[in-house]
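The values are calculated or read from the model by the stated rules, or taken from the named source; none is laboratory data. Every value quoted in this text rests on a predicted model; they were computed, and no experiment measured them. Please note: Cβ atoms are built from the backbone with ideal geometry, for glycine as well, and neighbour counts cover all protein chains shown. These area figures cover heavy atoms from the full protein model, side chains too; ligands, DNA and RNA do not enter into them. Shrake-Rupley method; radii C 1.70, N 1.55, O 1.52, S 1.80 Å.
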Amino acid sequence: DTEVTQTPKHLVMGMTNKKSLKCEQHMGHRAMYWYKQKAKKPPELMFVYSYEKLSINESVPSRFSPECPNSSLLNLHLHALQPEDSALYLCASSQDPASAVGSGANVLTFGAGSRLTVL
Amino acid sequence: AQSVTQLDSHVSVSEGTPVLLRCNYSSSYSPSLFWYVQHPNKGLQLLLKYTSAATLVKGINGFEAEFKKSETSFHLTKPSAHMSDAAEYFCVVILLLNYGGSQGNLIFGKGTKLSVKP
């Protein structure tokens with residue numbers, strides 16, 4: 001299995017709703033990532049989990065709450081979002097982010113994304 | 001500090017003609033560079049990677065890129081464009097920490113939209 005699977009593919013929610021995005025990989029990768037991508041822009045890093053520990057939080061508002069229950073799963077819990085949070089949310093994984101650069105072990109594999117619309 | 005600059009926001013070619021998407025990088029260390037492709041409403045797919053082995057890197061779907069240290073460039077090429085190549089292309093470098101290691105996070109260029117005319 002060489003895929004990163006994201007669910008749901010599309011999500012519409014109101015500003016008072018609580019929802020979650022899910023991401024799963026079975027490649028044995030030890031790092032998982034959440035990126036946010038607005039239309040016609042490159043992805044922006046939100047969170048990095050390395051060996052199931054949060055290693056990077058790019059000053060993301062607390063209405064986004066990541067969770068890594070185990071090495072294969074990554075969730076993004078959403079609460080009290082704003083319309084400007086509407087975007088494509090991409091999950092990614094890599095084999096070992098701490099390995100030597102150049103080894104190829106920190107190449108990211110991306111999922112197809114979850115398209116979020118906040119009304 | 002590391003950065004990548006994609007020199008063209010939009011490139012338009014005719015089907016069957018060569019493709020050239022330009023990327024320049026800046027890095028204090030020997031960089032790890034990638035090209036990713038994103039088709040409309042899809043995730044990102046790795047096209048190819050440079051990790052300090054061969055300077056000419058071959059990727060999927062007939063794409064290749066050449067790492068030129070003297071020019072700090074990593075341009076993406078394909079001899080003959082196909083309609084299915086129409087997509088957004090991102091040049092990417094791994095963000096390196098002070099000691100040359102990495103936490104795995106990426107720095108993206110702004111992207112180049114490739115259009116292919118019949």
Applied in sequence order to segment A:43-50, the curve 6.51 cos²θ - 1.76 cosθ + 1.60 (Karplus, θ = phi - 60°) yields integer Hz couplings, x standing for Gly and Pro, of x, 10, 5, 10, 9, 10, 10, 10
Output row A,B: buried area (accessible, probe 1.4 Å, summed both chains) in Å², nearest hundred, equals 1800
With +1 at each Lys and Arg Cβ and -1 at each Asp and Glu Cβ, the charge dipole magnitude of segment A:26-66 around its Cα centre, to the nearest 20 debye, comes out at 200
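How shielded is A:46-59 by partner chains, expressed as the average number of their Cβ atoms within 10 Å of its Cβ atoms?
1
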Per GNM of chain B with C-alpha springs under 10 angstrom, the most fluctuating residue out of B:Ser52, B:Ser12, B:Ser70 is B:Ser70
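Per the 1.4 Å probe, what fraction of the accessible area of the protein assembly as shown, in percent, lies on carbon and sulfur atoms?
Values: 5740 of 11180 Å².
Here carbon and sulfur together make up 51 percent of the probe-accessible area.
Place the peptides A:35-42, A:80-87 in order of packing, highest mean first, counting for every residue the other Cβ atoms within 10 Å and averaging per peptide. If you can, show how the numbers build up before the last one.
Working: A:35-42: 16.4, A:80-87: 14.9.
Packing proxy ranking, top to bottom: A:35-42, A:80-87.
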In terms of the alpha carbon gyration tensor, root eigenvalues a ≥ b ≥ c, rounded if a/c is under 1.5 and otherwise prolate when a/b exceeds b/c or oblate, chain A is prolate
Taking the dipole of the protein assembly as shown about the Cα centre (Lys, Arg +1; Asp, Glu -1; charges at Cβ), the one of B:Tyr50, A:Tyr49, B:His39 that reaches farthest to the positive side is B:His39
Descending packing, highest mean Cβ count within 10 Å first, for B:29-36, A:47-54 is B:29-36, A:47-54
At the level of C-alpha centres, the distance separating segment B:58-86 and segment A:37-70, in angstrom, is 30
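Over 19 Å between Cα atoms, which of A:Lys9/B:Lys110; B:Lys78/B:Lys113; A:Lys38/B:Lys78 qualify?
Violating the 19 Å limit, Cα to Cα: A:Lys9/B:Lys110; A:Lys38/B:Lys78.
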Cys residues of the protein assembly as shown with no disulfide-compatible partner (no other Cys Cβ under 4.7 Å) are A:Cys68
Within 10 Å of the Cβ of an average residue in B:106-112, the count of other chain Cβ atoms is 4
Bridge orientation stat for segment B:3-117 from DSSP, antiparallel percent rounded to 5, came to 90
Applying the gyration tensor rule to the Cα atoms of the protein assembly as shown (axes a ≥ b ≥ c; rounded if a/c under 1.5, else prolate if a/b exceeds b/c, else oblate), the class is oblate
Excluding residues fewer than 8 positions from B:Lys69 in its own chain, the lysines with Cα under 20 Å of it are B:Lys49, B:Lys58
Under the rule rounded for a/c under 1.5, else prolate if a/b exceeds b/c, else oblate, using alpha carbon gyration tensor axes a ≥ b ≥ c, segment B:1-110 is classed as prolate
